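Everything on this sheet refers to the single structure shown next.
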Amino acid sequence: MLRLETLSCGYGDMRAVHGLDLELVEGGTTALLGANGAGKSSTIMSVAGHVQVHEGKVLYRGEDITRATPMARVKKGIAVVPEGRRLFSSLTVRENLVVGGYSLPKPKSDAGIDRVMTLFPRLKERLDQRAGSLSGGEQQMLSIGRALMSEPALLMVDELSLGLMPKMIDACYQAVAELKRGGLTILLVEQSTHRALEVADQVCVLESGRSVWKGSAHEARNDTEIIDALLGLQAGPKA
Ligand SMILES: Nc1ncnc2c1ncn2[C@@H]1O[C@H](COP(=O)(O)OP(=O)(O)O)[C@@H](O)[C@H]1O
Ligand SMILES: [Mg+2]
C-alpha cells in the first residue's frame with residue numbers, strides 16, 4: 001500500500017531521515033518507534049507531503065507521489081493526525097470535523113460525523129463545544145475524527161498517547177483497534193513502545209533517522225529488551 005524507498009528527508013540542508021526503506025501492507029498496522037528526535041514525525045510528514053524529500057521515493061498503491069501536493073495525497077486517501085493535534089481551538093467540535101471533510105457534500109459530511117460519534121461517543125455530547133475547551137484525550141479523539149472525515153485508506157497517527165491520561169489512552173487505542181478491524185491501514189508513531197506493540201502487526205525502530213530494527217510485532221514483543229535498549233528507555237539515558 002505504501003512503500004518508502006531509501007527515503008531521505010529533512011529541513012533545508014538538515015537531514016532528519018536517512019535512506020529509510022519501509023513497506024506497509026494494506027490493512028496492516030505498523031508501529032514506527034524511536035526516541036525523541038529519531039525522525040518519526042519527519043517520516044510521516046514526508047508521506048503526507050509536509051516535509052521535503054531529499055532522496056528516494058514515496059510510493060502509494062504503486063504510484064510515485066514523492067512530489068504530489070499534500071492536498072492531492074489527502075484526496076488519494078492519506079490522512080495524518082499530527083503531533084500536538086493542531087485543532088482549531090476556537091471552532092466547535094462539529095466545525096473541526098466539517099473542516100476535516102471540507103470537500104464532501106453535506107450528506108457525506110453528516111454521515112462522516114455520525115461515524116466519528118459512533119467511534120468516540122464522548123464527543124457526541126460535546127459537538128457544539130469549542131475544541132479548545134476539551135480535555136487532552138478528547139482533543140486527540142477529535143483530531144483522529146477530523147482525519148477520518150477525509151475517508152482515508154491510510155491513517156498515520158503521530159504520538160497517539162503522548163501526554164494523555166491512561167483512561168484516554170485506552171479509549172484512543174480501542175478506537176485504533178476498531179479502525180484496524182474495519183480494514184484501515186495504519187501507521188502509528190509512538191514513544192510508548194508497549195502500547196503500540198499491543199495493536200501493531202509490524203514494527204520499525206528509528207534511531208537518528210535510520211532504521212535500526214524491523215520485524216513483526218510478535219518478534220518485538222518477545223524481544224522487548226532489545227527494543228527498549230534501542231529506544232534508550234529501560235536501558236537508561238544514553239550518555
Ligand atoms: N521544523 C524543523 N526544522 C529543523 N529541524 C527539525 C524540524 N523538525 C524536526 N527537526 C529535526 O529533525 C530531527 C527529527 O525530528 P522528528 O522527526 O521530529 O523526530 P521524532 O518525531 O522522532 O521525535 C531532529 O533532529 C529534529 O531536531
Ligand atoms: Mg515526533
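The values are calculated or read from the model by the stated rules, or taken from the named source; none is laboratory data. Just so you know, these numbers come straight off a predicted model, no measurement behind them. Note that each Cβ is placed from the backbone with ideal geometry, even for glycine, and that neighbours are counted across all protein chains shown. Note: accessible area is taken over every heavy atom of the protein model, side chains too, but ligands, DNA and RNA are not part of it. Shrake-Rupley method; radii C 1.70, N 1.55, O 1.52, S 1.80 Å.
Values computed for the structure shown
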{"item": "Test: residue in the stretch 163-173 that is among the aliphatic types (A, V, I, L, M) and closer than 27 Å to Met71 by Cα", "result": "no"}
{"item": "Qualifying positions in the stretch 142-171 - touching a Ser or Thr at 6+ places or on another chain (Cβ under 6 Å) and surrounded by 19 or more Cβ atoms within 10 Å (Cβ to Cβ)", "result": "Leu154, Asp158, Ser161"}
{"item": "Pairs, first within 15 Å of Glu23 (Cα to Cα) in the stretch 188-205, second of a type in the set (Asp, Glu) and surrounded by fewer than 18 Cβ atoms within 10 Å (Cβ to Cβ), C-beta under 6 Å, six or more apart", "result": "none"}
{"item": "Evaluation of Val212 against (1) in contact (Cβ under 8 Å) with a residue 24 or more places away in the chain; (2) open to solvent by less than 80 Å² (accessible area, probe 1.4 Å) (one fails), failing number", "result": "(1)"}
{"item": "Residues (farther than 24 Å from Thr224 by Cα and open to solvent by 30 Å² or more (accessible area, probe 1.4 Å)) located in the stretch 180-199", "result": "Arg181, Gly182, Gly183"}
{"item": "In the stretch 67-99, the residues that are of a type outside the set (Lys, Arg), in contact with a helix residue (DSSP H, G or I) (Cβ under 9 Å, 6 or more places away or on another chain) and open to solvent by less than 20 Å² (accessible area, probe 1.4 Å)", "result": "Ile78, Ala79, Val81, Pro82, Val93, Asn96, Leu97"}
{"item": "Boolean, Arg61 is more than 13 Å from ligand 1 (Cβ to nearest atom), modelled with pLDDT of 95 or more, more than 26 Å from Leu231 (Cα to Cα) and open to solvent by 30 Å² or more (accessible area, probe 1.4 Å)", "result": "yes"}
{"item": "Residue within the stretch 108-124 that is open to solvent by less than 20 Å² (accessible area, probe 1.4 Å), closer than 26 Å to Gly49 by Cα and in contact with a strand residue (DSSP E or B) (Cβ under 9 Å, 6 or more places away or on another chain) present", "result": "no"}
